[in-house]
Each structure stands twice: as structure tokens, then as C-alpha cells.
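Note sheet for the following structure.
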Amino acid sequence: KYTARIAKFTRIPPGPSVVPATTDREDIFNARDSQRALEYLTRKLDLPQKWMTAMQWAPLTGKAFWAIRFDEKALSQTQFGGGAAPILGDVAVDIVSAFELLVADPGIETLGQQPEIMRVKMVPVKEIEQKYVGKILPGEIKAEMVEQDIFFYQRQIADIGSRYQGSSSKVMRQQEEENAGGFVLRIETFTAPNAKYPTGRYVVCAGRKLLRNDPTLPGDFRFLTENPYPFVEFTDDASPGQFYPDAFVERLIGLQSRYNRYQSQLDEHLTLMAFPKMLVPKQSALSPDAYDSEAGEKIEYTALPNIPEPHFMQPASVLGDMWNAMALVKKDMDDVSMIYPSAIGGAGGSNSGFQTNLLQEAADQVHGPTVQRNAYALREAYLKMRHLMKAHYEIPRLVSIAGKNNIPEVFEFSQQSIDEQADVIVEPEQLAPQMKSAKMDMIRQMFVDGMFGNPQDPRVLKRLNDMLRTGFTEFDTDQEQRDSEQAQLENIHMERAQPVGKPQPWENHLLHWEQHTDLFKSPQAQTWTPQQWQQNVWHAIVHLNYINPMDAMMMAQEFGLGPNLQMMQMIQQPPAGMMGPSGPSPGGPQGPPPEGAGPAAPPNGGAPSGQGPSGPPAQ
């Protein structure tokens, strides 16, 4: 149950979407840059792994936390004189255990409403001395605990089930040598803004020494979200009037104990049935070693009148009540955990994708509040990370992300590119995905029922293949996929103002036309130069000429490329003497150009160098 619950929330890693504050072009571009920067932080800070760790802690302790801060010693990259150079300082996210965070009022449900919180942790004395150089002298902080005392229970836990007992002690001894100065209790106190402290307060103490006393909270998040603290909480299940609710695993402990007890009793009974007791009358004078497990053994005993011979005492069979009790406990675990067989693939013999999805959807509805809270927590985390970038990214930095078709995109990013009025959205639906096999079966049934159109239509078949390929990336690359990949590669060249080759007769021109015109409608196309527009439009018109020459001619006339297209069509006509008995050879718009005719268009798909839109085509 624990594993199924974690898998339900961690199958799809978190991903933010930034929505522009207005329809202004500058706001749209700033929102796009913010989106890229958050995607960059998601990858650089390994947030999917930290998200999984938080989801593993939440069912055990009821809550898990992220600490969001600006690490002044973290390395980033910036651009100087055309080259990359390192720069100190970047956003950092830490996993905070529920054992480290203390709240002032356990009766307040959420972290943001707490008047004061504390983070308490044992840290090496050397770390304190290194961080607060100038405020304390070496040796001024006295160790309060040594390594052996702190990691005593950690050693025991690490050795449980370990093949090499005591192996963790070797690592602990090495850490003891590195942290010979001992450990000290570091207490961080965070006070929410109030009448006495309008901007909050942040105090750090260690070894009975005041190390820091700031009149504001780290990050200054008080105007950003309801939670002014530099922490984000992930709650497993909320309980009104209780900060730490009963955890998911806590509810199952009693049922698990009962189930284990029934299993132990059943195991003992089966052992007794396999190795039953033997009743031997004392008058039989049976030898103590008269019975063994060998076949064909002859056992001698003294037979006396009215005294039964030695025999085995077979226990009664397991009562049906035992099996019913075990089944009842398993059903109670389903009800308490709200994770039913349909939620983990056991659909009770269902062979319908619709029925399986219906059962799974019903099972997922009970996890809706948890999914919503997780989505809100992730949104809060991304808002705070963006706020730190807005405050500290004074020098432009190099940000690298995976763009369209997994092509890396590198761009400069600074605080000027961030619009904090743009909203950040984390869709809750992506945190509770459907089962892949059931979804594919549902798509297949919809296709057979004609809900996508005529099943014999090639366009409908292509749509079905695209949907199935989305669910199963291991499908072989077919002809349609090759044309789609080629069109996508040409789109990449168009965006980069690189030459695009002339369309060839064997290409799927309709698919290329759809892909290219979709690119023309994208926001990126608004930044193209006139020469780039002319080159890209000419390439699309040549594709359209293979589909519908009349429409291609009208579009070419509209963009001033009519003479180019006319000359290209004339070149494609077969020369004299090539006429066969059945008519002209296939050298028109649908066939390849004849030998010796030369290329029908410039190699880069546009007008020749030095010629305008109406200039003659290259020969």
C-alpha cells in the first residue's frame, strides 16, 4: 500500500507552467523566459528526486518539507565577452525531515499560519565556524555531543538486513575523524510578521552563542504567498486542528499486526499438520528411536489387549473462519488506505479499458485532496524560487534547457527577464496519471467505434498511430514517423535561419505542409527577419505545389513569388521528344524532374542570392 501510494504521486515529475500576466508581447516573452528558467532549476536542483523523497517521508511522518534558500557559495555560469565564466550564488532546495521542524502551536493545521517555527539540527562545529567567520573565534563554540552518541541508532538501523554486519561503523569512524571537533545543536528560529516584528525575524543560535539576528525573514516571501517562511510543506492527509495528522502508515499498523498474527498462527498450524504428534501408549514399550523418516521402516511394539497401537494425531483442518478473517483484514486495509486492487492493476478480471479506467478513476477520487495540496505546495515552491531569482540574478546567466524535439537551448537569463505578476500553474491532473495499458485499450475501442472518424481514413489512422506512439515510445519508426521527423528537423532549420533543402517528390507533402504552417502561426515566427520569412514561405509553397498547384500559385502571387513558381513549373515539364504512347512522362508536379533539367529551386529553398521575391529561379 505504501509503495502504491508513492508510485501514484511520483510517476510524473513536477513541472510548472507560467501564464503571462497580460496579453502584452513583452509579458508573453518574460513568461516564456520564466518558464525556461524554472525548467532549468528543476533539472539543475534535481527536483524530481527531491519530490520523490518528500513523497516517501509524507506517508511515514504525516508531513515533509522543502527548504528554499539562496546559496551564496553555489556555482552558476554567466557570459563575459562571448565566453562562459563561473559566478557564485544560486537557488538551493533542501529536504527537511519532520523531526527537524518544530512549530509553536500543534493545533494550527498549516505551516503558514504558525506564529513561530524552529529548525533544530545537530551540525559539525567546523561547519558553524566556517559559515560565521568573523562573528565567532575558532574554538569558541564548544561541542555538545560526539559522533558516537548521534549515530548510535543510525548504526543499528543501517546494519539491519545488511549482509556485512557492522559495515556502517567503518564509515562512521571516518566521519568521526573528519568531524573531530564534535557536534553542536543549531537552533534557527523563524518569527512570522506581527505587530512587534513587521517584517518577521530570523535568529540563529549554537553553543549558547547568538550567531545571527535579522529583522526580516530569509527570502522576504511575506507578500508572495500566505506562507512567509522559507519552507514548503507537503501534507499526506490533513486533519483539522492538528498540524501533524495521523500518517498513512500509522493507520495500517494495527491491521498489519493482526494480519501478521493470523499468518503466524496459520503457519504454525500447517507445520503441525505436516509434522503431526505421535501418540504412543507406555505399555507398548516402543523404542525411543523406533520411528524415523525412512520409507519401509518396520516398527515393533508390544501389543496388549484393549490398548490401541501407536498412531499419529492429525489436527483438524483450518477453519473457514480463519480465511474469512484474513480476507476481512485485507479488505479493511483497502478501505483504510483507499488503495483498491483496481488502483494497482488488479481490476478483478476486467477486460475493458473503459471499465478499468472507471475503477481507477473512482479509486483516485479519494486521493484528490492530497493531489490538490501537493499541486499547491509545488506552485508555492516555484513562486519562491522565482522570487529568489528576481532578487539575486543581477548578472545575466547562461541557462540551458531541452527545447523542442530534445534540441538544447542556451540563452541568457537575468532578473530583468522575470515578471513576478505572471502566474505559475501546476496542474493537479498530471500528479495522478492513468494506467497506460487501460488508456491504450480505451483509445483502441474509441477508434473501432468510429469516434475519431472513418477507421479507413488515412488521416484517422495517422492520428491513432500518433496517440499510441505517445503512450508507447518503443514502437518501431514507420514511414509516417520518418516524414514527421524530417518535417520537424526542417522546422528547426527554419527557426535558426539555416538553409532548407528543396522538397522532393517522395516526401509526404501534406504532412510537411501541416507542420510548416503550424510553425508559421507560433510566437517564434514573429521574430523572423524578412529574408527568413521569404525562405521559409517559399519552401512551404513548393510543398503545396505538389498538393494543389492552383493554391500554390495563388499563395505565391500573394507573397510575390509567382514568377519563381512559374519558372519552376516550366522546368518540371518534360523536354521535347520525351512523350510516350500513353502521354507525357511523369515529370509534372507529382513526378521527379527529368535528367539534365537541373534543380527546380535553389538548394536552400528560397530565392537566389541577390534576387528579390520576383527574381528568376536558379537553374
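The values are calculated or read from the model by the stated rules, or taken from the named source; none is laboratory data. Computed from a predicted model, the values in this text were never measured in an experiment. Positions of Cβ are generated from backbone atoms using ideal geometry, with glycine treated the same way; all protein chains shown enter the neighbour counts. Heavy atoms of the whole protein, side chains included, go into the accessibility calculation; ligands, DNA and RNA do not. Shrake-Rupley method; radii C 1.70, N 1.55, O 1.52, S 1.80 Å.
Of all residues in region 503-529 being part of a loop (DSSP other than H, G, I, E, B) and touching an Asp or Glu at 6+ places or on another chain (Cβ under 8 Å), which is most open to solvent (accessible area, probe 1.4 Å)?
Asn508
Would you please list the contacts, defined by Cβ atoms under 9 Å and residues six or more apart or on different chains, that run from a residue in region 296-313 that is of a type in the set (Gly, Ala, Ser) to a residue that is in a loop (DSSP other than H, G, I, E, B)?
Partner pairs satisfying both residue conditions: Ala303/Glu309.
Can you confirm whether Arg496 is closer than 30 Å to Pro530 by Cβ and at pLDDT 70 or above?
yes
Kindly indicate which of Asp90, Asp94 is within 25 Å of Leu111 (Cβ to Cβ), open to solvent by 30 Å² or more (accessible area, probe 1.4 Å) and modelled with pLDDT of 85 or more. Give the steps one after another, and end with the answer.
Working: Asp90 fails: open to solvent by 30 Å² or more (accessible area, probe 1.4 Å).
Only one candidate qualifies: Asp94.
Quick one: Arg482 ticks every box in (1) closer than 23 Å to Pro549 by Cα; (2) modelled with pLDDT under 80 bar one, so which box is it?
Looking at each condition in turn, Arg482 falls short on (1).
Which of the residues belonging to region 247-267 are open to solvent by 60 Å² or more (accessible area, probe 1.4 Å) and under 14 Å from Tyr2 (Cβ atoms)?
Of everything in region 247-267, those that are open to solvent by 60 Å² or more (accessible area, probe 1.4 Å) and under 14 Å from Tyr2 (Cβ atoms) turn out to be Glu250, Arg251, Ile253, Gln256.
For region 536-543, state whether one or more residues are open to solvent by 40 Å² or more (accessible area, probe 1.4 Å), modelled with pLDDT of 85 or more and farther than 30 Å from Ala31 by Cα.
Scanning region 536-543 turns up no residue that is open to solvent by 40 Å² or more (accessible area, probe 1.4 Å), modelled with pLDDT of 85 or more and farther than 30 Å from Ala31 by Cα.
For region 208-244, give me each residue that is outside any strand (DSSP E or B), surrounded by fewer than 17 Cβ atoms within 10 Å (Cβ to Cβ) and not aliphatic (A, V, I, L, M). Before you say what the answer is, go through the steps one by one.
Start the filter on region 208-244 by keeping residues that are outside any strand (DSSP E or B), which leaves 208, 215-230, 236-238, 240-241, 243-244.
Now narrow it down to the ones that are surrounded by fewer than 17 Cβ atoms within 10 Å (Cβ to Cβ): 208, 215-216, 220, 223-224, 226, 238, 240-241, 244.
Listed by number, the residues that qualify are Arg208, Pro215, Thr216, Asp220, Phe223, Glu226, Pro240, Gly241, Tyr244.
Which of the residues that make up region 108-128 are among the β-branched types (Val, Ile, Thr) and crowded, with 16+ Cβ neighbours inside 10 Å?
Ile117, Val125, Ile128
Condition check ((1) modelled with pLDDT under 90; (2) surrounded by 15 or more Cβ atoms within 10 Å (Cβ to Cβ); (3) in a strand (DSSP E or B)) across all residues:
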residue: Lys8; (1), (2), (3): yes, yes, no
residue: Thr23; (1), (2), (3): yes, no, no
residue: Ala31; (1), (2), (3): yes, yes, no
residue: Arg43; (1), (2), (3): yes, no, no
residue: Met55; (1), (2), (3): no, yes, no
residue: Ala58; (1), (2), (3): no, yes, no
residue: Pro86; (1), (2), (3): yes, no, yes
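Do we have any residue at all in region 406-423 that's under 30 Å from Ala247 (Cβ atoms), modelled with pLDDT of 65 or more and in contact with a helix residue (DSSP H, G or I) (Cβ under 7 Å, 6 or more places away or on another chain)?
Step one: of region 406-423, the residues under 30 Å from Ala247 (Cβ atoms) are none.
The answer is no, given that none of the residues of region 406-423 is under 30 Å from Ala247 (Cβ atoms), modelled with pLDDT of 65 or more and in contact with a helix residue (DSSP H, G or I) (Cβ under 7 Å, 6 or more places away or on another chain).
Taking the condition in a loop (DSSP other than H, G, I, E, B), touching a residue at least 12 places away in the same chain (Cβ under 8 Å), of a type in the set (Val, Ile, Thr) and open to solvent by 40 Å² or more (accessible area, probe 1.4 Å), does Thr199 pass? Steps first, please.
Details: in a loop (DSSP other than H, G, I, E, B): yes; touching a residue at least 12 places away in the same chain (Cβ under 8 Å): yes; of a type in the set (Val, Ile, Thr): yes; open to solvent by 40 Å² or more (accessible area, probe 1.4 Å): yes.
Criteria met by Thr199.
Quick check, is Gly453 at pLDDT 75 or above, farther than 30 Å from Thr527 by Cα and of a type in the set (Gly, Ala, Ser)?
yes
Could you check region 4-45 and list, in sequence order, the residues that are more than 30 Å from Met333 (Cβ to Cβ) and of a type in the set (Phe, Trp, Tyr)?
Phe29, Tyr40
Since Pro281 meets every condition but one in (1) surrounded by 14 or more Cβ atoms within 10 Å (Cβ to Cβ); (2) under 30 Å from Gly112 (Cα atoms), which condition does it not meet?
(2)
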